[in-house]
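What follows is one structure encoded as structure tokens, with my remarks underneath.
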There are 2 protein chains.
Amino acid sequence: MKSFVNYPENSDFSIHNIPFGVAVFNKEYIACATRIGDVVIDLATLYDFGFLDDVEGLNDNVFEAYTLNEFIELGKPVTNAVRLKIQELLLEGSSLSNDEKTIEECFFQIDEVKMLMPVHVPNYTDFYSSIEHATNVGKMFRDPANALLPNWKHLPVGYHGRASSIVVSGTDMHRPKGQTKPADADQPVFGPSKQLDFELEMAFIVNRNTEMGESISTAQAEDSIFGMVLFNDWSARDIQSWEYVPLGPFLAKNFGSSVSPWIITLEALEPFRTASPKQEPEVLDYLKFSGDKNYDINLEVSIAPEQGTETVICRSNYKFMYWNMCQQLAHHTVNGCNVEVGDMYASGTISGEEKDSFGSMLELTWRGQNPLKLSDGSERKFIDDNDTVIMRGFAEKDGVRVGFGEVSGKILPAK
Amino acid sequence: MKSFVNYPENSDFSIHNIPFGVAVFNKEYIACATRIGDVVIDLATLYDFGFLDDVEGLNDNVFEAYTLNEFIELGKPVTNAVRLKIQELLLEGSSLSNDEKTIEECFFQIDEVKMLMPVHVPNYTDFYSSIEHATNVGKMFRDPANALLPNWKHLPVGYHGRASSIVVSGTDMHRPKGQTKPADADQPVFGPSKQLDFELEMAFIVNRNTEMGESISTAQAEDSIFGMVLFNDWSARDIQSWEYVPLGPFLAKNFGSSVSPWIITLEALEPFRTASPKQEPEVLDYLKFSGDKNYDINLEVSIAPEQGTETVICRSNYKFMYWNMCQQLAHHTVNGCNVEVGDMYASGTISGEEKDSFGSMLELTWRGQNPLKLSDGSERKFIDDNDTVIMRGFAEKDGVRVGFGEVSGKILPAK
């Protein structure tokens with residue numbers, strides 16, 4: 001497949017991708033968008049010009065919106081047809097390729113637009129589905145000999161997070177203040193977190209509303225998942241270790257989470273399916289699945305100090321996940337918990353077996369014991385003020401590349 | 001104060017109350033409403049008829065809505081003025097009292113309307129703020145000698161709950177199925193919960209949106225709280241005890257929570273302010289407060305078996321809360337976590353010192369060891385299929401009564 005839009009060979013946004021997002025065009029007009037190479041396409045105007053007229057089930061201009069929720073809710077038959085139609089329009093020789101007026105109205109260079117949150121997120125859940133991450137944390141905070149808790153291999157452990165503070169890539173945030181209890185203190189103290197961390201995660205977005213009491217089986221799950229984003233689950237470790245018993249993480253996490261602006265559809269990720277790690281012991285029936293339910297997605301994390309260059313500090317892969325998305329969604333709804341369009345379900349930190357594949361500073365520096373060296377010579381135990389953390393992800397196979405771009409966020413000093 | 005609407009002396013919805021809710025009138029028309037005695041008043045039509053014209057800041061018919069969010073967001077100066085205006089209109093001799101046409105159009109008997117969820121809930125948090133409850137749970141599940149965890153007296157422990165499954169009183173729900181690990185089993189099993197419980201709670205509702213990075217101090221908190229409801233935090237204890245380490249309750253809670261339909265404003269509760277239990281050790285500065293921040297609200301829980309009469313099984317009081325709402329909101333936002341209009345913040349189970357004041361079956365039966373006897377002679381360790389659980393709450397002082405009505409929910413057999 002060759003597009004009439006030129007882009008470099010290593011672009012995440014190839015003709016095979018066709019992601020969906022929401023953009024501010026000309027600093028004032030907001031609409032749903034797609035992207036190829038470094039060109040962002042205004043889908044609302046493209047719809048108005050009639051280019052999507054023959055997509056069955058697309059009866060309104062759902063792209064004239066501040067979020068993708070209305071589009072996503074149309075469901076797979078429609079959203080897939082829209083994606084394939086856009087792909088067709090972007091090929092050499094298409095009806096669009098010679099239509100200069102439409103191209104002038106709908107095509108923008110990436111630096112002419114500002115990306116917004118792609119969806120309104122009614123509910124956000126964070127899983128804990130990497131066995132390497134759970135093992136590392138268990139070793140550090142609990143018992144090295146019994147790092148995994150007894151339930152871990154029987155169910156995808158998860159908890160509810162804060163939906164209000166999920167922000168799009170590029171949103172800076174202040175270092176959180178909070179209550180911590182230093183190891184050498186009798187009483188807790190209050191102040192800016194001294195152990196601010198990232199967590200390398202991915203999240204999937206649901207495309208339907210279910211009724212309370214309804215469950216989604218592992219076999220039904222993929223039809224209910226629109227696509228995925230990169231997810232940085234910022235974490236204040238010192239706040240977390242004091243507050244989290246017995247009800248889980250709270251203020252250590254809810255000051256902010258960052259997501260990449262482009263949702264990559266499951267269909268774009270189809271060529272990169274791969275097997276999951278073997279699950280032993282066998283899981284209960286409602287968690288069984290057939291086929292390859294994992295995806296081979298390369299992930300990396302960089303730190304960029306202010307006025308410094310980036311240093312890559314972690315290379316991981318989504319395929320390491322022990323529990324897959326179908327199992328996560330089946331587990332979440334097996335009790336009848338209802339889901340809503342736009343819900344975000346994050347993976348938990350994605351660590352691999354190798355030390356440089358650990359998906360958090362907590363693990364990379366082993367709780368600060370082994371600081372990382374950045375390319376400017378400075379050292380990091382955790383994230384410093386004015387550091388920018390950048391996560392990137394892409395899949396590549398047989399010359400086909402589909403990527404997520406990046407999610408970045410800068411930590412400003414505490415207010 | 002005497003209203004021209006007659007109601008029994010023990011009505012929760014006296015002229016001193018003036019609560020807010022959302023109702024379906026004539027089985028088809030939805031609007032915001034208030035209530036006096038057993039009369040529900042359609043506020044959208046009352047607005048259209050001009051009776052609220054002189055309330056400053058009320059420039060649109062925000063009552064013509066499916067939720068109270070738009071009204072609540074107007075903030076205290078406007079919502080208080082509306083409440084006082086309605087109270088004035090309901091007094092004997094008011095302009096409304098002799099306007100038969102308006103009364104005919106706007107006044108409905110309670111059994112002619114169906115109540116809906118009063119607000120859209122963007123985010124839901126559950127605290128754990130009763131010292132008696134936390135102590136009871138700690139004794140049962142952890143260490144009787146050290147029942148309270150080290151952080152408990154230093155911060156109001158809380159966690160994020162599921163907003164999508166909060167439903168209004170009268171919504172039946174199915175017993176959840178899930179994964180549990182019986183004490184005598186090697187492996188977990190799957191099936192309907194055998195330890196379904198209620199939790200007697202109250203929740204407050206926030207009236208503003210804050211920016212990320214902004215905090216609400218204990219002194220500012222009351223201005224940000226519109227009012228309160230009764231809250232039943234249904235809990236499947238067997239699912240909970242297997243899943244909750246290390247990230248907190250998840251499927252044990254998110255299958256459903258029930259709220260009472262009428263939001264009682266903080267202003268209506270003003271006469272019932274009372275002191276909180278003494279906090280020892282002293283809390284950190286950001287959690288300090290001055291004045292009486294607690295409320296004397298009588299609470300009770302009944303079980304009604306199918307075709308049986310109700311048995312009151314618990315009598316408690318909101319004033320037992322160790323952590324108050326101002327501290328909860330200050331803590332929740334001290335790290336910059338943003339709040340949204342309609343957010344619900346639940347108290348956690350409200351237990352007192354006496355055994356019959358415990359706010360859950362878990363505590364009342366001490367994990368099933370001491371079953372409760374109902375008036376029909378049957379026994380309960382937990383909640384049976386087809387049982388209805390009813391919670392009621394009211395404040396009363398110097399002949400003034402302000403109540404919440406009830407939140408009830410029936411448990412249907414597992415699907």
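Here are the numbers for this structure:
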| quantity | calculated |
| --- | --- |
| All-pairs Cα distance distribution in region B:124-412, expressed in whole percent, bin size 5 Å | 1, 5, 12, 17, 19, 18, 13, 8, 4, 2, 0, 0 |
| Spatially near lysine pairs across region A:21-116, Cα under 25 Å, sequence gap of 8 or more or different chains | 6 |
| Cα centroid of region B:352-370 to Cα centroid of region B:312-349, whole Å | 22 |
| Column: log10 I(q)/I(0), Debye, Cα scatterers of region A:34-191, q = 0.11, 0.16 Å⁻¹ | -0.72, -1.04 |
| Per residue, the convex hull volume that the Cα atoms of region B:179-264 enclose (Å³) | 145 |
| Ratio Rg/Rh, restricted to the protein assembly as shown and using Cα atoms, in which Rh is the Kirkwood radius | 0.98 |
| Region B:56-123 versus region A:1-57: alpha-carbon centroid distance in Å | 46 |
| Segment B:ASP186-B:LYS397, extension gain: residue separation times 0.36 nm, minus the distance between their alpha carbons | 70.4 nm |
| Restricting region A:280-380 to GluC sites (Glu not before Pro) in coil, as DSSP defines it, with at most 12 other Cβ within 10 Å | A:GLU282, A:GLU306, A:GLU353, A:GLU354 |
| Lys/Arg +1, Asp/Glu -1 at C-beta; the protein assembly as shown dipole; positive extreme among A:ASN80, B:GLY158, A:ASN17 | B:GLY158 |
| Electrostatic dipole magnitude of region A:21-116 [Cβ: Lys, Arg +1; Asp, Glu -1; Cα centre; debye, to 20] | 360 |
| Size-normalised alpha-carbon gyration radius of region B:53-122, reference 2.2 N^0.38 Å | 1.25 |
| Residues of region B:1-29 with amide N under 20 Å of a point placed 7 Å along Cα→Cβ from B:SER97 | B:1-11, B:13-19 |
| Length-normalised contact order for region A:335-415 - Cα pairs under 8 Å, 6+ apart - percent | 17 |
| Rounded tilt (10° steps) of A:131-141 against the dominant C-alpha axis of chain A | 30 |
| Positive-end residue of B:GLY359, B:GLN369, B:LEU68, charge dipole of chain B with Cβ unit charges | B:GLN369 |
| Between region A:129-204 and region B:184-246, the Cα center-to-center distance that results, in Å | 20 |
| Residues with amide H under 5 Å from that of A:GLY405, placed H, sequence gap 5 or more | A:GLY393 |
| Cβ-placed point charges (K, R +1; D, E -1), dipole of chain B about Cα centre in debye, nearest 20 | 1480 |
| Proximal lysine pairs, region B:264-415, alpha carbons under 22 Å, eight or more residues apart or interchain | 15 |
| Dipole axis of region A:142-289 (+1 Lys, Arg; -1 Asp, Glu on Cβ), positive-most option in A:ILE263, A:VAL283, A:SER241 | A:SER241 |
| Efficiency of FRET between B:THR309 and A:SER375 - r from beta-carbon atoms, R0 60 angstrom, step 0.05 | 0.20 |
| Computed lengthening from A:ASP111 to A:ASP356, 0.36 nm per intervening residue step minus Cα-Cα distance | 84.9 nm |
| Debye, to nearest 20: dipole size of region A:246-296, +1 on Lys, Arg Cβ, -1 on Asp, Glu Cβ | 220 |
| Between 0 and 90°, nearest 10: helix B:76-89 axis offset from chain B longest Cα axis | 60 |
| Loop chymotrypsin sites (Phe, Trp or Tyr not before Pro), region B:132-177 (other Cβ atoms within 10 Å of the site Cβ: 13 or fewer; DSSP) | none |
| Residues whose placed amide H lies under 5 Å from that of B:VAL167, excluding near-sequence neighbours | B:SER257, B:SER258, B:VAL259 |
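Where a number appears in this text, it was derived from the coordinates with a stated rule and is not lab data. What you see is a predicted model, and the numbers here were worked out from it, not measured in a lab. Virtual Cβ from ideal backbone geometry, glycine too; neighbours counted across all protein chains shown.
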